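Below you'll find the structure, written out as structure tokens, and then a few comments.
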Amino acid sequence: MTTIDTRGTGLVTADLLDAASEEDALEALHELGCTDGLPVVIPTPERVARFVLASGFDGDLVLGDLGPGLGAATVELVAAAAVMAGCLPDHVPVVVAAVQAVAQPEFDLTEMQATTHCTAPLLIINGPVRDAVGLQSGFGALGPGFRANATIGRALRLAMINIGGARAGVADMALLGHPGKFTYCLAEDEEGSPFEPLHVSRGWSPEASVVTVVGAEAPQSVMFVGDADDPDAPDRLLRTLAGSIANVGANNAQIGGSGVVTVVLNPDHTAVLHEAGYDRKGVAEALSGLAVNTRGTMRALNPSMAGKGADDDLIRAVRNPDDLLILQAGGSGLYSMVMTSWCAGPHANRAVSQEIMFGQACEIPGMRL
Amino acid sequence: MALVTSAFWKQGDFVARSVGMPDVPRLMLPHPVSATGKENMRRVADSIRDGVIAALRGDGS
């Protein structure tokens, strides 16, 4: 007999469900809509208790309410999501911080989960926790093969489904979604970057471990071939990145630059800009100025969204340079990435950073998964 | 009251329950309405007029 902890699913009234086996329990969770469609680790009370302990907090501590269902995200329910996602106990503090971050009002989670747009929270991890839990910041950081990246991002999604109630076609009305809605998590390559770490630029100390959440579309690959003999290379790179940021189909271009855009530079591209004298702030200011479309261009494509004004008006895709999150990650080579955003919601879906807190947790002898 | 298209009816129910307003008056519109042209939007408006008035009077939704 397996006991399943399903509190917070929004679909069942019982605190615990019984099943004859782990296989039956898995099928029951799929049937109840409590998974992301992939197999999960069964959140038995013992496993959940172990993860609550790993969080360092009491299980009934409420981290925030998750919309649109406005479910109370207790540490226990978040621990259940982390179990289901396949996390290790050491990952739990990161998941807890991510939940705290998306629950902040300025993240607009209720509206973000309910929109027809494809947006998903991208988790960017900074600080010592990256090495402590094995978060990947290099080659393939957004791809498969890295347990911490995969499961921490997935745990947040499962919390958003089971505590926030965001089930596709009922409360989550994304017309298509995107693969980052399964998991979307990477670490910054702080050691390889000439720029100060992202979290430091957002006001944290270098010693702090911080998760930054930002609503993001699927990444657009940005190819740029450098040339050390070409003095115009930095400008060409900036204009290439800006072209992706100002992609005429994206909300940032269509609704006037109110949203946050993430730019993930690979080490080679960061070096091109650094050697030309740019720091993170300088890159952001340059991109904000270059990522533009004329009103005439936008009017020709989508007149209802183009607003009033002359055809030669320049419309920025990111009005405020501070709304460009620039970080280094990935392997050395030709490709960087740009993630444009939804731009809507009462606060235009702000990016939120949250410090990861580590409690005085200890393992219970013999209590293993 | 809320005007909700058929494709979003379940979401409307979900959100109404979540915010503690399960009985908030709602009227179903066909889906889609957006971008279907002025003529169609007038037809939709005509078709729901009596329902809107009734709901605002509190005698049905």
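The values are calculated or read from the model by the stated rules, or taken from the named source; none is laboratory data. All values reported here derive from a predicted model rather than from experimental measurement. So basically every Cβ, Gly included, is an ideal-geometry build from the backbone, and we count neighbours across all protein chains shown.
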### Task
Look at residue A:4 and say whether it is at pLDDT 95 or above, of a type in the set (Val, Ile, Thr) and under 26 Å from residue A:91 (Cα atoms).
no
### Task
Among the residues of segment A:280-304, write down those that are β-branched (Val, Ile, Thr) and under 25 Å from residue A:197 (Cβ atoms).
A:283
### Message
Being over 14 Å from the mean Cα position of the chain (by Cα) and either in a helix (DSSP H, G or I) or more than 14 Å from every other protein chain (Cβ to nearest Cβ) (or both) is the filter here; which residues of segment A:105-116 pass it?
### Response
A:105, A:106, A:110, A:111, A:114
#### Entry: Filter result (within 13 Å of another protein chain (Cβ to nearest Cβ), surrounded by fewer than 15 Cβ atoms within 10 Å (Cβ to Cβ) and not in a helix (DSSP H, G or I)) within segment B:1-17
none
### Message
Quick check on segment B:18-33. Is at least one of its residues of a type in the set (Gly, Ala, Ser), outside any helix (DSSP H, G or I), within 14 Å of chain A (Cβ to nearest Cβ) and farther than 23 Å from residue A:170 by Cα?
### Response
no
### Query
When you scan segment A:163-185, how many residues do you find that are more than 19 Å from residue A:108 (Cβ to Cβ) and touching a Leu at 6+ places or on another chain (Cβ under 7 Å)?
1
## Note on the structure
Exactly one of A:122, A:135, A:142 is assigned to a strand (DSSP E or B), under 21 Å from residue A:84 (Cα atoms), at pLDDT 95 or above and away from chain B (no Cβ under 14 Å), and that one is A:122
### Message
Just to check your reading of the model, which residue among A:187, A:218, A:228 is hydrophobic (A, V, I, L, M, F, W, C), under 20 Å from residue A:331 (Cβ atoms) and free of Cβ contacts under 8 Å to residues at least 12 places away in the same chain?
### Response
A:228
### Query
Taking residue A:207, is it surrounded by fewer than 21 Cβ atoms within 10 Å (Cβ to Cβ) and in a loop (DSSP other than H, G, I, E, B)?
yes
### Query
With segment A:249-360 as the region, which helices (runs of 4 or more DSSP H) entirely inside it contain at least 3 residues that are out of contact with any helix residue (DSSP H, G or I) (no Cβ under 6 Å at 6 or more places or on another chain), touching a residue at least 40 places away in the same chain (Cβ under 8 Å) and farther than 30 Å from residue A:191 by Cβ?
A:251-254, A:295-301
### Query
Restricting attention to segment A:297-306, which residues are under 14 Å from residue A:252 (Cα atoms), at pLDDT below 95 and not polar (S, T, N, Q)?
A:305, A:306
### Query
Which condition number does residue A:174 fail, the rest of (1) in a loop (DSSP other than H, G, I, E, B); (2) crowded, with 19+ Cβ neighbours inside 10 Å; (3) in contact (Cβ under 8 Å) with a residue 60 or more places away in the chain being met?
(3)
### Query
From A:166, A:216, which residue is in contact with a Gly (Cβ under 9 Å, 6 or more places away or on another chain), crowded, with 20+ Cβ neighbours inside 10 Å, more than 14 Å from chain B (Cβ to nearest Cβ) and closer than 28 Å to residue B:5 by Cα?
A:216
### Task
Within segment B:34-45, track down each residue that is more than 12 Å from every other protein chain (Cβ to nearest Cβ) and not β-branched (Val, Ile, Thr).
B:37, B:38, B:39, B:40, B:41, B:42, B:43, B:45
### Summary
Given (1) exposed (fewer than 15 other Cβ atoms within 10 Å of the Cβ); (2) over 30 Å from residue A:105 (Cβ atoms), residue A:192 misses just (1)
